[in-house]
Amino acid sequence: MSKNLTIKDIALLAGVSITTVSRVLNKHAWVSEKTRARVDKVIAEHQFSPNLMARGMISRQSYTLAVIVSDITNPYFVTLVAQIQQACLAIGYKITLYDTQSANRSQEASGDESAIFQSIIDSQIDGVIVLGGHSDYAPIPPSYLAMLDTLMSKMAVVVVGQPHPDNLWPCVMRDHQHCVELAVNHLLSRGLRDIAFIGGSRKVWVTRERVSHFRRALEQGGVTPCEAWICLNNFYPQHGYQAVETLWDLPQPPQALVAINDRVAMGAIRALNDRAIQVPQQVAVISCERFPGSEFFIPRITSVDHQNPLLGQNIITMMMAQLDGILADEARRTAPPLPALIAGESA
């Protein structure tokens, strides 16, 4: 070849726009097969292999997404970030992770979080994915709403979790109804009626949603929920342990526990074992949210799989639609994948 071709040259030779070449290079799904084949033919003939910097200079994109989490030690964030990264790599994007560490701080948005938002705005980043944190509080702090509004005025944003009532932000929703119904109905099918809910936080929307569906599922099964058996303290193993201590100080403890996630379930099982209470022979334990590795716990935890690979793909599909300017108003919320009960040994 007489010279090193650029993306502009490839676009000219293929008879398409520079944007279309960029989409083909990044394996975007929304390029027709006929157009993709034409561009691929030119690329192959000229042995063209651009780097990310060159693509960014042409399209004014960095092909980088920021992912904001509130606690990277939480397995929910770890597993979902991994799925988001896998989906990004498949289309030529990379991610930058920001951990606000706001999960165990006060409800008001902190200065650290504000600094992270400003750092993202100042960086060459195409879009932001917000996982939990203050966006999942109920209500969302006004200071955080202002920060999020500023961020959305600068770049594409996808919030995973709580939708805004006025549809102010694109939101990929998670299932907080069927996961609880699956857990409760499984226990009811075993003839268990004295059922408690443990874990989560009253200030977090996810918890409120799951507790609401917990009460409704019991009532639909002909069981009156016992408010003393709803123990909301947080999302980690020590909180499952503490919940058992609280419940077994009552005159009548429950027959079964619905934990908000596998980590809380693990803590609860440890506490029951320390009291010489056998699981599931004497008390059944089931989780609303499965984390990797739970199948190696003793006993294996019966839990609900939220289909994170599909959730991660939904997140990236919505982000790419925003970046391409084709996200319709009616598509600013996506329904979550249906969860599935994974049989274990704990319930």
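The values are calculated or read from the model by the stated rules, or taken from the named source; none is laboratory data. Keep in mind it's a predicted model, so treat the numbers as computed, not measured. Virtual Cβ from ideal backbone geometry, glycine too; neighbours counted across all protein chains shown. The accessibility values were calculated without ligands, DNA or RNA, using every heavy atom of the protein model including side chains. Shrake-Rupley method; radii C 1.70, N 1.55, O 1.52, S 1.80 Å.
Key figures
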| item | result |
| --- | --- |
| Selection from the stretch 232-246 of residues that are crowded, with 22+ Cβ neighbours inside 10 Å and touching a strand residue (DSSP E or B) at 6+ places or on another chain (Cβ under 7 Å) | 240, 243 |
| Condition met for residue 212 (among the small types (Gly, Ala, Ser), over 16 Å from residue 347 (Cα atoms) and at pLDDT below 95) | no |
| Positions within the stretch 306-341 being more than 25 Å from residue 168 (Cβ to Cβ), in a strand (DSSP E or B) and either open to solvent by 50 Å² or more (accessible area, probe 1.4 Å) or among the aromatic types (Phe, Trp, Tyr) (or both), in sequence order | 341 |
| Qualifying position, being free of Cβ contacts under 8 Å to residues at least 40 places away in the same chain, closer than 15 Å to residue 236 by Cα and not in a loop (DSSP other than H, G, I, E, B), among 270, 263 | 270 |
| Unique match (being of a type outside the set (Val, Ile, Thr), surrounded by fewer than 20 Cβ atoms within 10 Å (Cβ to Cβ) and within 25 Å of residue 282 (Cα to Cα)) among 212, 123, 189 | 189 |
| Those residues of the stretch 152-172 which are open to solvent by 10 Å² or more (accessible area, probe 1.4 Å) and over 25 Å from residue 239 (Cβ atoms), in sequence order | 152, 153, 154, 155, 156, 163, 164, 165, 166, 167, 168 |
| Tally, over the stretch 254-283, of residues that are under 23 Å from residue 188 (Cβ atoms) and open to solvent by 40 Å² or more (accessible area, probe 1.4 Å) | 4 |
| Test: residue in the stretch 287-307 that is under 30 Å from residue 91 (Cα atoms), polar (S, T, N, Q), at pLDDT below 95 and out of contact with any Phe, Trp or Tyr (no Cβ under 6 Å at 6 or more places or on another chain) | yes |
| Among residues of the stretch 126-151, those that are loosely packed, with under 15 Cβ neighbours inside 10 Å and among the aliphatic types (A, V, I, L, M), counted | 1 |
| Of all residues making up the stretch 1-19, the number that are among the hydrophobic types (A, V, I, L, M, F, W, C) and at pLDDT below 80 | 4 |
| Failed item in (1) under 19 Å from the mean Cα position of the chain (by Cα); (2) open to solvent by 40 Å² or more (accessible area, probe 1.4 Å), with residue 202 passing the rest | (1) |
| Hey, residue 22 modelled with pLDDT under 85, among the hydroxyl-bearing types (Ser, Thr, Tyr) and crowded, with 20+ Cβ neighbours inside 10 Å or not | yes |
| Candidates 210, 216, filtered to the one that is charged (D, E, K, R) and touching a residue at least 40 places away in the same chain (Cβ under 8 Å) | 210 |
